[in-house]
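Since every read-out is calculated from the coordinates, none of them should be taken as a lab result. Everything quoted here is computed from the prediction, not taken from an experiment. With ideal geometry, Cβ positions are generated from the backbone for all residues, glycine too; neighbour counts draw on all protein chains shown.
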Amino acid sequence: MEILEDIQRWYAAQCDGDWEHVFGLTISTLDNPGWSVKIDLEDTLLERLPFEPVSVGDGSGSGVWLTCSVEKCCFQGYGDPSQLSRLLGIFLTWAKTVPDWLAIPDLDEAAIQSVKDKEFWALLGEEGGPELCRAEGCLNKRIALSVFCRRHHFETVKKRAYSPET
């Protein structure tokens with residue numbers, strides 16, 4: 001039960017009123033069968049922490065297998081039906097290498113604005129049209145409930161240019 005309690009503590013510590021609206025933790029099943037664990041690391045103390053990939057077995061037979069890696073700011077773990085606690089344990093062992101592993105990173109004003117912009121960008125949804133954006137010269141389709149494409153809607157509401165790094 002310590003693993004479950006610790007993963008709950010880590011998740012709760014990241015929830016700051018913004019992070020949990022964009023990021024989170026997902027545990028799901030695989031059809032081969034097995035487990036999938038995905039944990040967002042963006043805007044956490046683990047975001048830039050090196051992780052050495054872990055692999056046990058090859059997943060081709062009925063034996064024990066698991067694999068863990070960090071890709072695109074996301075911890076990803078997959079394993080056979082007996083490996084859920086081990087997958088979470090690998091994440092927690094790595095997380096606890098940070099002295100204050102439950103802390104939220106100090107974000108400057110620009111970082112806070114970036115998180116809010118990413119949240120807003122995600123809420124805008126995909127450009128589906130069928131009409132084109134009404135911004136002069138734009139050939140993108142509009143987003144739902146707007147006459148603009150995603151970028152031009154963002155820039156109209158925020159009154160500043162959209163930056164892909166946002």
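Pairs K38/K116; K38/K158; K116/K158: which exceed 20 Å Cα-Cα?
Listed pairs above 20 Å: K38/K116; K38/K158.
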Whole-Hz Karplus couplings 3J(HN,Hα) for the range 7-18, θ = phi - 60° and coefficients 6.51, -1.76, 1.60, Gly and Pro as x, run 5, 5, 5, 4, 4, 4, 5, 7, 5, 10, x, 10
Isolated Cys in the chain by the 4.7 Å beta carbon test?
C15, C68, C73, C74
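Which whole-number percent gives the relative contact order of the range 52-166, counting Cα pairs below 8 Å spaced six or more residues apart?
Here the relative contact order equals 12 percent.
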What aspartates and glutamates could a cross-link reach from K141, if we take a straight Cα to Cα line under 17 Å and drop same-chain neighbours fewer than 8 places away?
E126, E127, E131, E155
When each of K96/K159; K72/K96; K72/K159 is checked by Cα-Cα distance, pairs over 31 Å
K96/K159
